[in-house]
Every structure is written in structure tokens, then in C-alpha cells.
1. So how strong a dipole does the stretch 60-147 carry about its Cα centre when Lys and Arg Cβ are +1 and Asp and Glu Cβ are -1, to the nearest 20 debye?
2. Based on the mean of other beta carbon atoms within 10 Å per residue, what is the order of 152-162, 104-114, 57-67, 136-146, most packed first?
3. Using θ = phi - 60° and the Karplus form 6.51 cos²θ - 1.76 cosθ + 1.60, what ³J(HN,Hα) does each residue of the stretch 139-152 get, whole Hz, x for Gly and Pro?
4. One quarter of the convex hull surface, Cα atoms only: what value does that give for the stretch 51-164 in nm²?
5. Can you tell me the relative contact order of the stretch 59-175? Whole percent, Cα pairs under 8 Å, sequence separation 6 or more.
6. Please turn the phi angles of the stretch 65-77 into ³J(HN,Hα) values with the Karplus equation 6.51 cos²θ - 1.76 cosθ + 1.60 (θ = phi - 60°), one per residue in order, whole Hz, x for glycine and proline.
7. Take the residue pairs Lys131/Lys171; Lys80/Lys107; Lys149/Lys175; Lys54/Lys175; Lys107/Lys149; Lys80/Lys141 and return only those whose Cα atoms are more than 19 Å apart.
8. How much net charge surrounds Lys54 when only other residues with a Cβ under 15 Å from its Cβ are counted (Lys, Arg +1; Asp, Glu -1)?
Amino acid sequence: MKIQMTLLALLALGACGKDKAESKESGETPVAAKTDDGKTAKAAAKPAAAGPLKIEALGLTMDAPAGSSVSEMAGSQLIKGDGLVVGVEAAGQFAAETLAAELEEAKDMYTATNVTQEEVEGGWHVTFENKGGMGTNYWVKSHLTFDGKAYTCGTTASTKEQQAAALAACKSLKK
């Protein structure tokens, strides 16, 4: 799980990275567009509407931006879309078994700040931040049980917006 979260973090930085100054000012992802005189101008892209995405390997679905994809990576299902990168997998031996254990790990391993927690039927969602070598990391860690089987969903994002998108996707996970 820890290796997979590290891989997700690296993918999130590459797949969802955007110019921090631009993203802070506009809150939207910049894209290049040609003007009538042939020059490149920046325009704000609107996120594609979310819809159900099948994660066939696990028999689950989640809401994700239109055009999102599912691929297998190191035993986890990697969901990538516009502003979204999350990993979903059957909970393994290293997954926290309780919300208290999840919170303890966040505190001890990541020196977590701005921790939020939400208990839901069959599990929980936790978000937090920590400082790393490349700045602030925005974490999402969800643990959900469907039909007696536990699953984890989460990511490490480079912006609060990506964290919010990942949390929304994890919250929408269902059998």
C-alpha cells in the first residue's frame, strides 16, 4: 500500500500538475488555444461532467470526469481523468483496519496537519496535508466495505482542488 501511494503521488504530480500561480488565480486548469491571429492564448478549461466509471477488476463503480480511464498498476486500479488520479484496491495487509489506526498512521508517518475525518456506513474518509521535499502534499485515504470485503481508495495530490476531486471520487465508490 505504501509503495502504491508513492507511485500514485508521482503520477498525480505529473498527470495533474499545473502552473501554481495560474491555478491559484483562476482555480481552473489552463489550456492553450489559438487566437484568430494565430497566437497562442490561454483559456480556462471547464471540467468534464462526472459520470459512473466501471472498475471491472474489482466489481465497483465510481463517479469520475468524462473520459476517465482505469488501468492496473502494481495490483491497484489507477483511475485517471481531468484533475483526478486515485488508486482503488482490495484492502491489503498494510491497510488500516480502523479509523483510529488510519489517523494514528497519518500523525506518526506523515506528521499530518489539517486532518479531516468522516465516518460513513461501512468505512471512513480521511484527508490531511503534510510538507514534503516538493511542497505541500494533499492526501486522501478512504476505507470502505461492500458485501463484507474491504477496499481502499486514495491519492496524494499537489493541490487542494485535486484532493477535493479525489475525495469526491472515493466517496462515490460503490458496488
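No lab work stands behind these numbers, since they all come straight from the coordinates. If you're wondering where the values come from, they're calculated on a predicted model, not measured in any experiment. Note that each Cβ is placed from the backbone with ideal geometry, even for glycine, and that neighbours are counted across all protein chains shown.
1. 380
2. So the peptides 152-162, 104-114, 57-67, 136-146, ranked by packing, come out 152-162, 136-146, 57-67, 104-114.
3. Rounded to whole hertz, the list is 9, 9, 9, 10, 9, 10, 10, 10, 6, x, 10, 8, 9, 10.
4. Mean orientational projected area (the stretch 51-164, Cα hull): 7.4 nm².
5. Normalised by residue count, the contact order of the stretch 59-175 is 26 percent.
6. Whole-Hz 3J(HN,Hα) from phi for the stretch 65-77: x, 3, x, 5, 10, 10, 9, 8, 9, 6, x, 10, 9.
7. Distance filter (> 19 Å) returns Lys131/Lys171; Lys80/Lys107; Lys107/Lys149.
8. Cβ neighbours under 15 Å give a net charge of 0.
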